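Trainee: First the structure, then my questions, so here it is.
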Amino acid sequence: MAASKKIVILGGSYGGVSAAHYLLKHAIPYLPEKASYQVVIVSTASHAFCRPACPRAMISDEMFTQEKLFVSIPKSFEQYAKESFRFVHGTATELDHTSRTVTISLADGDTERLDFYALVIATGASTASPLLSLNGDVDFLRKNWTEFRKALATAKTIVVGGGGPAGVECAGELGEYLNGRAGWFSSKLANPKVSVTIVNAGSKLLPALRPSLANKAEQYLAKVGVTVVKNARITSVSPQGAGTDSVASKATVTLENGKTLDADIYIPATGTKPNTGFVNEELLGSDGRVDTNASTLRVDKAGPRVYAVGDVASYARPAVHLILNAIPVLCANIKRDLLLDSGKEKGSTGEDRTFEEDTRETQMVPIGKSKGVGAAMGYQLPSFMVWLIKGRDYWLWTVGRLWSGKQWAKES
Ligand SMILES: Cc1cc2nc3c(=O)[nH]c(=O)nc-3n(C[C@H](O)[C@H](O)[C@H](O)COP(=O)(O)OP(=O)(O)OC[C@H]3O[C@@H](n4cnc5c(N)ncnc54)[C@H](O)[C@@H]3O)c2cc1C
């Protein structure tokens with residue numbers, strides 16, 4: 001039987017790859033006429049990538065085993081029956097949710113229109129700095145890392161915009177790599193070789209963590225020669241495109257109070273922008289994310305069997321552990337919708353599963369290779385634990401199971 005019912009998943013990262021494995025393992029095999037379904041991942045990037053590792057990985061390829069950092073998506077799905085899965089290397093450029101088609105600009109230059117039977121939008125979010133995520137394909141990221149590394153070799157001043165976790169991690173990694181770490185008895189590194197400055201709009205770093213942890217982070221940053229400027233909103237950067245279009249460009253950063261900072265390298269770490277350029281505005285919330293039912297993960301306004309998960313969706317704040325909590329709920333509801341559409345009685349499929357965001361203070365922020373601050377499920381973690389869980393390899397120890405699907409071996 002030809003696979004005529006396409007379950008199209010847009011985006012090949014934490015949300016998209018996990019949903020595809022879960023559906024192939026725990027939904028498709030239990031549907032009547034299972035051979036009529038095909039899971040299709042469409043992704044701009046051919047590889048899944050441990051994105052949280054960027055603050056350290058951008059410095060040098062020596063930091064991580066590259067084969068663990070970037071994992072081929074099609075290879076990860078060779079374990080399933082050939083007809084049940086397809087990988088499309090391309091970018092969704094237009095979603096017509098009324099006629100239920102999505103237009104893809106393929107990596108080889110062609111265009112394809114895909115009819116979908118069910119759709120999962122998992123296109124995530126891009127960072128202003130192309131150093132910090134797969135804003136394009138792997139080659140694009142690598143090209144930016146190469147330019148950045150060249151500039152790093154001679155840089156004397158680096159300005160990092162934003163004092164959230166990405167900004168603090170970037171500054172901490174760069175500070176330690178370029179300047180080393182102050183001794184046990186010194187509270188700060190005297191005369192750092194390279195001046196690294198975080199410019200933060202708010203009065204405290206790391207808004208998701210309690211003030212005592214933000215203060216601790218500042219102390220650790222001082223030990224690797226990083227200065228923090230607070231209550232300082234960046235109003236402009238010149239030349240335009242410094243840090244965004246060109247990662248190696250010198251820049252002058254102007255603050256709200258009129259002061260300016262000159263930098264050999266400027267890294268904007270000021271938040272992310274959801275990848276929703278291809279989605280009709282009527283499906284978006286005011287923050288630009290896909291307006292997603294926070295309980296069922298359906299995109300109610302888009303018609304039947306349309307869902308969103310991950311950073312692109314509005315149901316929760318952007319974090320990997322929340323995506324992992326959402327996947328079983330999302331996939332159970334997809335399975336239920338597919339069973340109902342195949343003619344199963346409502347009584348036999350059970351109720352919708354519901355998602356509830358865990359809002360407890362949870363965030364880990366390494367500061368260089370041996371220190372860090374953080375909390376998990378509302379409990380403060382000692383620096384050693386932050387190092388052990390995240391700082392050693394920025395979660396690389398966890399992603400092998402995710403990309404291979406082993407994480408989802410059991411239905412949960
Ligand atoms: C520097 C940094 C550090 C972080 N550290 C942590 C951390 O320690 N812990 C944590 O929980 N979270 C962390 N996060 C957040 C975490 O990375 C995200 O929550 C996670 O990556 C979101 O996964 P996702 O699947 O939603 O999308 P993304 O990871 O954003 O991936 C989106 C995918 O969709 C593809 N894509 C984009 N547009 C299209 C399109 N139009 N068509 C087809 N494909 C498309 C992209 O190529 C990409 O593969 C960090 C984020 C950053 C930037």
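Trainee: Please find, within segment 176-217, the residue that is surrounded by the fewest Cβ atoms within 10 Å (Cβ to Cβ) out of those that are among the charged types (D, E, K, R) and part of a helix (DSSP H, G or I).
Mentor: Taking segment 176-217 as the starting set, the residues that turn out to be among the charged types (D, E, K, R) are 176, 181, 188, 193, 204, 210, 216.
Still in the list and also part of a helix (DSSP H, G or I): 176, 216.
Details: E176: 26, K216: 22.
Only one residue fits best here, namely K216.
Trainee: Counting only residues that are surrounded by 15 or more Cβ atoms within 10 Å (Cβ to Cβ) and hydrophobic (A, V, I, L, M, F, W, C), which one in segment 352-381 is nearest to A319 (Cα to Cα)?
Mentor: M364
Trainee: All but one of (1) crowded, with 19+ Cβ neighbours inside 10 Å; (2) assigned to a strand (DSSP E or B) hold for T123; which doesn't?
Mentor: With respect to (1) crowded, with 19+ Cβ neighbours inside 10 Å; (2) assigned to a strand (DSSP E or B), T123 is out only on (2).
Trainee: Also, quick follow-up: Out of all the residues in segment 278-290, is one or more in a loop (DSSP other than H, G, I, E, B), at pLDDT 95 or above and touching a helix residue (DSSP H, G or I) at 6+ places or on another chain (Cβ under 7 Å)?
Mentor: no
Trainee: Residues that are within 10 Å of the ligand (Cβ to nearest atom): list the helices (runs of 4 or more DSSP H) wholly contained in segment 1-116 that include at least 3 such residues.
Mentor: 14-26, 54-57
Trainee: Sort out which residues of segment 344-371 are over 26 Å from A326 (Cβ atoms) and in contact (Cβ under 8 Å) with a residue 24 or more places away in the chain, and write them in order of number.
Mentor: Residues satisfying the conditions are I367, G368, K369, S370, K371.
Trainee: Sort out which residues of segment 218-231 are assigned to a loop (DSSP other than H, G, I, E, B) and either touching an Asp or Glu at 6+ places or on another chain (Cβ under 6 Å) or surrounded by fewer than 22 Cβ atoms within 10 Å (Cβ to Cβ) (or both), and write them in order of number.
Mentor: In the first step, residues of segment 218-231 are kept if they are assigned to a loop (DSSP other than H, G, I, E, B); the result is 224-225, 230-231.
Across segment 218-231, the qualifying residues are V224, K230, N231.
Trainee: Among G271, G303, G258, which is within 15 Å of the ligand (Cβ to nearest atom), surrounded by fewer than 20 Cβ atoms within 10 Å (Cβ to Cβ), of a type outside the set (F, W, Y) and on the phi > 0 side of the Ramachandran plot?
Mentor: Step by step, each of G271, G303, G258 is checked, and only G271 is within 15 Å of the ligand (Cβ to nearest atom), surrounded by fewer than 20 Cβ atoms within 10 Å (Cβ to Cβ), of a type outside the set (F, W, Y) and on the phi > 0 side of the Ramachandran plot.
Trainee: Okay, moving on. Show the residue pairs meeting these rules: Cβ distance below 7 Å; 6+ apart or different chains; first residue within segment 67-81 and among the basic types (K, R); second residue outside any strand (DSSP E or B) and surrounded by 13 or more Cβ atoms within 10 Å (Cβ to Cβ).
Mentor: Close Cβ pairs satisfying both conditions: K68/L396; K68/G400.
Trainee: I'd like the full set of residues that are within 26 Å of E173 (Cα to Cα) and among the hydroxyl-bearing types (S, T, Y), limited to segment 27-84.
Mentor: S60, T65
Trainee: Tell me whether segment 335-351 contains one or more residues that are closer than 28 Å to Y37 by Cα, within 14 Å of the ligand (Cβ to nearest atom), among the hydrophobic types (A, V, I, L, M, F, W, C) and surrounded by fewer than 20 Cβ atoms within 10 Å (Cβ to Cβ). Spell out the reasoning first.
Mentor: Here is the first cut: in segment 335-351, the residues closer than 28 Å to Y37 by Cα are 335-351.
Checking the rest, the ones that are also within 14 Å of the ligand (Cβ to nearest atom) come to none.
For segment 335-351, residues closer than 28 Å to Y37 by Cα, within 14 Å of the ligand (Cβ to nearest atom), among the hydrophobic types (A, V, I, L, M, F, W, C) and surrounded by fewer than 20 Cβ atoms within 10 Å (Cβ to Cβ): absent.
Trainee: For segment 70-96, which residues satisfy the criterion of being crowded, with 16+ Cβ neighbours inside 10 Å and over 25 Å from the mean Cα position of the chain (by Cα)?
Mentor: Y80, S84
Trainee: Could you figure out which of (1) part of a strand (DSSP E or B); (2) modelled with pLDDT under 95 isn't true of V253?
Mentor: Here V253 meets the rest and fails (2).
Trainee: Determine whether Y315 is of a type outside the set (V, I, T), part of a strand (DSSP E or B) and assigned by TED's automatic domain parsing to the domain that holds Y14.
Mentor: no
Trainee: Any chance segment 44-63 includes a residue that's surrounded by 15 or more Cβ atoms within 10 Å (Cβ to Cβ), in contact (Cβ under 8 Å) with a residue 24 or more places away in the chain, among the aliphatic types (A, V, I, L, M) and over 23 Å from I265 (Cβ atoms)?
Mentor: yes
Trainee: A follow-up question, please. Do we have any residue at all in segment 138-145 that's outside any helix (DSSP H, G or I) and farther than 24 Å from R305 by Cβ?
Mentor: no
Trainee: Let me ask you something else. With respect to D311, is the statement that it is closer than 27 Å to N275 by Cβ and over 21 Å from the mean Cα position of the chain (by Cα) true? So that I can check it myself, show each step before the final result.
Mentor: Working: closer than 27 Å to N275 by Cβ: yes; over 21 Å from the mean Cα position of the chain (by Cα): no.
Considered against the rule, which asks whether it is closer than 27 Å to N275 by Cβ and over 21 Å from the mean Cα position of the chain (by Cα), D311 comes out as no.
Trainee: Oh, and also: Quick check on L324: is it within 20 Å of Q363 (Cβ to Cβ) and in the same structural domain as L24 (by TED's automatic domain parsing)?
Mentor: The answer is yes for L324.
Trainee: Follow-up question, since we're still on this one. Of T296, T276, which residue is more than 30 Å from E176 (Cβ to Cβ) and without any contact (Cβ under 8 Å) to a residue 60 or more places away in the chain?
Mentor: T296
Trainee: Something else now. Of the numbered conditions (1) within 15 Å of the ligand (Cβ to nearest atom); (2) within 18 Å of A326 (Cβ to Cβ); (3) touching a Ser or Thr at 6+ places or on another chain (Cβ under 6 Å); (4) not hydrophobic (A, V, I, L, M, F, W, C), G285 fails exactly one; give the number of that condition.
Mentor: (1)
The values are calculated or read from the model by the stated rules, or taken from the named source; none is laboratory data. Just so we're clear, the structure is a prediction, and the values are computed from it rather than from any experiment. We place every Cβ from the backbone using ideal geometry, glycine too, and count neighbours over all the protein chains shown.
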